[in-house]
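The values are calculated or read from the model by the stated rules, or taken from the named source; none is laboratory data. The structure presented is a predicted model; accordingly, all values stated were derived computationally and were not measured. FYI the Cβ positions are ideal-geometry reconstructions off the backbone, even for glycines, and counts take in every protein chain you see. All accessible areas refer to the heavy atoms of the entire protein, side chains included, with ligands and DNA or RNA removed. Shrake-Rupley method; radii C 1.70, N 1.55, O 1.52, S 1.80 Å.
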Amino acid sequence: MRRHQLPGSCVSELPIAPDRAGIGRRGSVAHWGLGIVVGLLLASAAPAAAIPLATPLDDWGHSSPTPAGGVHSGLVQSVPQGAHDRGPDDRERAVRIAREGRYDEALEILTALHEEDPDDLPLKADLVAVLSWAGEDEEAVRLGEHLPFHALDPFVSEAVARSSRNLGDPVFASRLYMDVLFRDPTRVQSHVGVVLSLLERGAWDEAEARFDEAVRRFPESADVHLAGGHLYLALDRPSWAARHYRRAETLGADPAEARRLEVLSLLNQGAAFLAVERMAPNPEFLDAGERGRTLSERGSRAVQWSIAAPPTPHPDDRFVAVDRALAVLDSALVEVQPADGYPWERLRFDRVVALRERMEMETVLTEIRELEEDLGLELPPYVLRMAGDAHLYLRNAEEAEERYRAALEGWPGHPELLVGLFYALVQGERHDKAAEVARELVGSQPEVRSAEGLAESLPNPDRLSGELARHLGMAFAGDLKGAQAGLDELVGRAPMNLSLRQELASVYLWRGWPRLALDEYARILALDPHHVRARIGRASAHMDLHEREAAYAALDTLLVLAPEHEQVRRELERFRVDGLWELDISGQGARSSGGALGVRDDLVEGRFFTPLLRDHHRLFAGWTRNRADFPDQAGRHDRMAAGLERRGRTLRWWGEVTADRNDLGRVGGGGRIEVRPGDRWTLHLDGESYSTRVPLQATRLDIDGWHVGSGVGYR
């Protein structure tokens, strides 16, 4: 179990008034507690009574009997039998003004009386108690540590114990409290004090057992519940602590301190929204730093939840969570000012993260420039990563690389930063460096991770990300076959990992296998219908198969799901360009040392296509120019064409009518049929009745020829 420093100790930021937890800061005496007031009232009203002598406590907190006699405390009980009075009026006045909180005046009187008669034990006890209330802890312990506590009112023991705790001696304090409880188990303040002393000693289990006893005896005591709050905060159970702090406030504890501690406990629990809700009615209960921390923590939680939020059923609501987070951040920035320091900076930093999640990359860079240049802030690594992501999205490879490397200086070896750096290097076409980063990422991550409470280790997702990057680096460098083999192996190890399947489908597309890619995208979308990258890939695969209707339907959905996505915009542009006018020109040439066929031969072909008709058909006009140089002269042959093309998933064909430009009577025809039953095989058949493949010398002699060809292709 993780333990925390007890609130009120020298390293804690949470104050405690010892013996009454949560009433005031250490050393404060303004709220000593109900027991003091009751003791003072008893001092003025109780009749005289004899109190047996007792020796100081031994090392185990017990005492030894002594001969009977009489001593007393003027603050608590009575006048001793047979004792002569040394200034009763002064002593009573000191008691009265001490009860009013005028400790300096009371101490002046009691000190003078004690100097007159240092052997008067009741007077000395009075002086020790007032010293403790006044915060003079060292003097209180010096004078009081050897008092015969069993012969005095228990409140004297509690006062010395309180000062001992303040001086960092909870062992002596706990002995005094336990001795009081041995004599009088009904002392609430001693129950509270022993719980807190044991906590400060590190006796966690014993402290919890003592608290259970105290709350069972005094379920309606505000002091006990305050102690319970401190106990469970130290035991790393902030929800229990907050519950006891709230109960203490309900029972009459100082609302400022109880509410403050409840808010901070909720904050430690991670319940930042509830902490702000509890703080809102009385924000003045917390200081400026605590208010800023609470508001900034709520903003950070809102951003984290927006990132982890599940997909919304309606596409228009895809940014609802991040917009809510931005609203929380902006409202906090109204209350938290730059002068508040880190809470304000954190709110600004988290705002950059939220804007990145909203895909407003230009705004992200604008905010970062303001933070760096105008405000002179040094960005933490996670904000530098946001800058890298924004530059990468906007295809600024060099700037992205610079930001990722700067972030890695603060977070060496961070897997997500290494992945970002990998993609920045790939985008900059520095594939060798990208491969080095991928190898570094894989090498820095173990294959499995051990999780607390699990009987066996789990695969390390960060190593999987590194292996994925390594195989994608192979693909980007042109080794598609090797990349596919590696991704197939990864998918076999993690078949439900949609990121792996997404990248495998991308490699299928790059290899010219759109049907295999579509099958993979179908598996992904069956598991996650809102997977944006799979929908983008599916649209691209349909375009490769000339299925414009299906591609349009996929893109139409993406315009609703992710209109701001860069890949969506690219696919939309591809769809638009595919339906425009198209000019296709090709050429070839040959040279020889002479002969009847010519020393120079050039062929230029061109086709001009109309926009698509009904998504599959388009008309075209074409021409062919064949030119050659012969030993005696040059020759040229021009032929014109007009035709129709149809493109489909499995079948693509075109047919044309041709004629010589200078002799329209020499009419011919041609065409081509391509059949692609799958991704790998392609069959084609083509022919011309008036072939342009006849040598130009033969054409000049009016020799015609025809051509028929067929072939098989494999990818």
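As a summary of the residue check, Gly648 satisfies the conditions (1) in contact with an Asp or Glu (Cβ under 9 Å, 6 or more places away or on another chain); (2) more than 29 Å from Tyr552 (Cβ to Cβ); (3) in contact (Cβ under 8 Å) with a residue 60 or more places away in the chain except for the one numbered (2).
Residue by residue, here is whether (1) of a type in the set (A, V, I, L, M); (2) in contact with a Pro (Cβ under 6 Å, 6 or more places away or on another chain); (3) in a strand (DSSP E or B); (4) without any contact (Cβ under 8 Å) to a residue 24 or more places away in the chain holds:
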position: Ala621; (1), (2), (3), (4): yes, no, yes, yes
position: Asn626; (1), (2), (3), (4): no, no, yes, no
position: Gly643; (1), (2), (3), (4): no, no, yes, no
position: Gly655; (1), (2), (3), (4): no, no, yes, yes
position: Asn662; (1), (2), (3), (4): no, no, no, no
position: Ile673; (1), (2), (3), (4): yes, no, yes, yes
position: Gly678; (1), (2), (3), (4): no, no, no, no
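If the condition is being under 30 Å from Arg515 (Cβ atoms) and either part of a loop (DSSP other than H, G, I, E, B) or hydrophobic (A, V, I, L, M, F, W, C) (or both), then segment 680-715 contributes Arg680, Trp681, Leu683, Leu685, Val708, Val712, Arg715.
Scanning segment 381-403 for residues that are surrounded by 17 or more Cβ atoms within 10 Å (Cβ to Cβ) and either among the hydrophobic types (A, V, I, L, M, F, W, C) or in contact with a Lys or Arg (Cβ under 7 Å, 6 or more places away or on another chain) (or both) turns up Val383, Leu384, Met386, Ala387, Gly388, Asp389, Ala390, His391, Leu392, Ala397, Ala400. When Ala248, Ala214, Ala209 are screened for being part of a helix (DSSP H, G or I), open to solvent by 30 Å² or more (accessible area, probe 1.4 Å) and of a type in the set (A, V, I, L, M, F, W, C), only Ala209 passes.
If you filter segment 545-571 down to residues that are free of Cβ contacts under 8 Å to residues at least 40 places away in the same chain and among the charged types (D, E, K, R), you find that the one that is farthest from Arg646 (Cα to Cα) is Arg569. Filtered by the rule that a residue be of a type in the set (D, E, K, R), part of a loop (DSSP other than H, G, I, E, B) and at pLDDT 75 or above, segment 70-110 gives Glu100, Arg102. Do we find a residue being under 28 Å from Leu441 (Cα atoms), open to solvent by 20 Å² or more (accessible area, probe 1.4 Å) and part of a helix (DSSP H, G or I) anywhere in segment 332-349? Looking for residues that are under 28 Å from Leu441 (Cα atoms), open to solvent by 20 Å² or more (accessible area, probe 1.4 Å) and part of a helix (DSSP H, G or I), one finds none in segment 332-349, hence no. Collect the residues in segment 162-185 that are more than 14 Å from Arg210 (Cβ to Cβ), among the aliphatic types (A, V, I, L, M) and open to solvent by less than 10 Å² (accessible area, probe 1.4 Å), keeping them in residue-number order. Correct list: Leu176 only.
Evaluated against (1) surrounded by fewer than 13 Cβ atoms within 10 Å (Cβ to Cβ); (2) assigned to a helix (DSSP H, G or I), Pro310 falls short on exactly one condition, (2).
Taking Ser457 as the residue in question, decide whether it is free of Cβ contacts under 8 Å to residues at least 12 places away in the same chain, among the hydroxyl-bearing types (Ser, Thr, Tyr) and open to solvent by 50 Å² or more (accessible area, probe 1.4 Å). So Ser457 fits the description; yes. So, Arg358, is that one within 29 Å of Ser444 (Cβ to Cβ), open to solvent by 30 Å² or more (accessible area, probe 1.4 Å), touching a residue at least 12 places away in the same chain (Cβ under 8 Å) and under 22 Å from the mean Cα position of the chain (by Cα) or not? The answer is no for Arg358.
Only residues that are open to solvent by less than 20 Å² (accessible area, probe 1.4 Å) and outside any helix (DSSP H, G or I) were counted across segment 361-379, and they come to 1.
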